[in-house]
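Below is one structure, written out as C-alpha cells, with a few remarks after it.
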Amino acid sequence: MRLTILMLAFCLSSEVANAHPVAFKGSTGIMGYHSPFLTHNQINHSFEYWLAAGLHHFTRPNLGNNKFATVASVNILAKRWNENNLQANIYFNLGAGRSELSTEPETVGYGLVQFDIEDRDYYFLIKHLQLVSEEQLEFQHTVIRAGLAPYVEKFDGIHSWLILEFQHNEFLESQIVDDLTPFLRVFYRNLLFEIGQSFNGFTRFNYITHF
Amino acid sequence: MRFIILISTIGLSLAVPLGFADQHAKHKSHKSEKSSQKAHGDASNDGKQSKSNHHHDKNEEKHDHSDQKSTAKQISPEKIVIKVKGLVCAFCAQGIEKNFNRQEAVKSTSVDLDKMLVQVHLHQGKTLAESVIKELVTNAGFAYGGFVEE
C-alpha cells in the first residue's frame, strides 16, 4: 500500500529536485518538479552518505509526449560542512542517457553541480544542470533559490519555508525561459511539497520524499 | 563530450581533496578509535567491562578510573544523548532517527533540533558502542559531536 502511494506520487509529480541528490546511507529518494514547459522526475538510491545512483526522466509537456529524455547518473557529495548551526554541501552528478527533448533521439551526457547552505532560518541553493550530446548542448538549467522559515518548528512538527526561486532554462532550439517563482514549501517528516506561481504565470509543484 | 570530460575533471579534482579526503581521514580516525577502544577493553561503551578492567597496577588503575568517570558521564544504561553537528533540517534528519531505530539495542530515538541533540533510548541491559554510534551519525550525513550529559 505504502509502495503504491509512493509510486503514484512519483507518477503524478516531477522535479529538477531542489533537494539533496544524495541522502542518508541506504535511503531511496523520489523527487519531482513540474512546470508547464519542463518536468523532471528522479529516483535516487544512496549506497553511502556521499554516493548515490539516480534515474531521471525529463519531459516538455507544452510540446507533447514525444519530447523526453531518460538519464542514469552517479551522484556524489563532494564536500559537506557540518557545523554547529548550519550545513553546507557541494554535489556533482554525472551520467548518460537518451534524449529527444529538442531533436531526434540521441545519446547525451548529463551533469549537475549544486551548492546549498542552510540553517534553521535561512536557506540558499545554486545549481546548474546540462544535457549535452556529442555535438550540441541539448538543454541547460540553472536554479538559484533563497528561503526563509517564517517560524522554527520542532523535529516532529509541520515545517514551512517561503522560497524565492530564479530559473533559467535553455533548450537547443534557443527557447529560453527565465522565471521567478515564490514557493511555499511544507514538509512533515519525510514528505515535502512545494507549490508556487511564477511571475510569468506558470504554476509549479515540487515533491520530495525519502525512505 | 567536452562538457563531460570537463565536469569529470572538476568533479574528481574537487572530490578527491575535499569529500574523499574527509572520508579517508574519518576512516583513519575510526580505525584508530577502534584500536584504542580495543586497548581499553571497550571501556567507554560498557560500564560492566570498565569495572572488570579496574583491577590492575596503580598506573593502570588511574587510567581506568578516568575511563570509568567518563563512562558514568557518557552512558546511562537506558538513555544516550549525543551532540550532532549539522543537524539543522528536520527533513534531512529523518535518516538519523531511522538509522538508530534499526539497531536491535535501540528502543526509540528522539531528535532535538534546537539543541542539536539526539536522544537514544536503549532496551534494558543493552548497550551501543561509541564506534557504532559514530558510524550511524556519519552514515546519516552528519558529524558526531560526542556524548552530552543532560
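Please treat every number below as a calculation from the coordinates, not as lab data. Small disclaimer: the values here were computed from a predicted structure and weren't measured. Ideal geometry is used to build each Cβ from the backbone, glycine not excepted, and the neighbour counts take in all protein chains shown.
One table, with the values for the structure above:
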quantity: Shape box of segment B:76-150 [Cα atoms, principal axes, largest first, Å]; calculated: 32, 24, 19
quantity: Centre separation in Å (Cα based) which lies between segment A:50-103 and segment B:117-147; calculated: 31
quantity: Proximal charge balance of A:Glu138 [Cβ under 12 Å; K/R count +1, D/E count -1]; calculated: -4
quantity: Radius 15 Å from Cβ of A:Val152, net charge of other residues (Lys, Arg +1; Asp, Glu -1); calculated: -3
quantity: Packing-based exposure ordering (other Cβ within 10 Å, fewest first) of B:Leu117, A:Leu131; calculated: B:Leu117, A:Leu131
quantity: Around B:Leu113: net Lys/Arg minus Asp/Glu count, Cβ-Cβ under 11 Å; calculated: -2
quantity: Amide H within-cut-off set for A:Lys79, under 5 Å, with H built and near neighbours excluded; calculated: A:Ile90
quantity: Folded to 0 to 90 degrees: helix A:2-12 orientation relative to chain A principal axis, Cα; calculated: 50
quantity: Residues whose placed amide H lies under 5 Å from that of A:Val108, excluding near-sequence neighbours; calculated: A:Gly97, A:Arg98, A:Ser99
quantity: Unsatisfied cross-links (Cα-Cα over 21 Å) in the set A:Lys25/B:Lys85; A:Lys25/B:Lys134; A:Lys25/B:Lys126; B:Lys83/B:Lys107; A:Lys25/A:Lys79; calculated: A:Lys25/B:Lys126
quantity: Separation in nanometres of the label points that stand 7 Å from Cα toward Cβ, at A:Ala146 and A:Val186; calculated: 2.6
quantity: Distant-in-sequence amide H partners of A:Phe183 (H built 1.01 Å from N, under 5 Å); calculated: A:Ile163, A:Leu164, A:Glu165
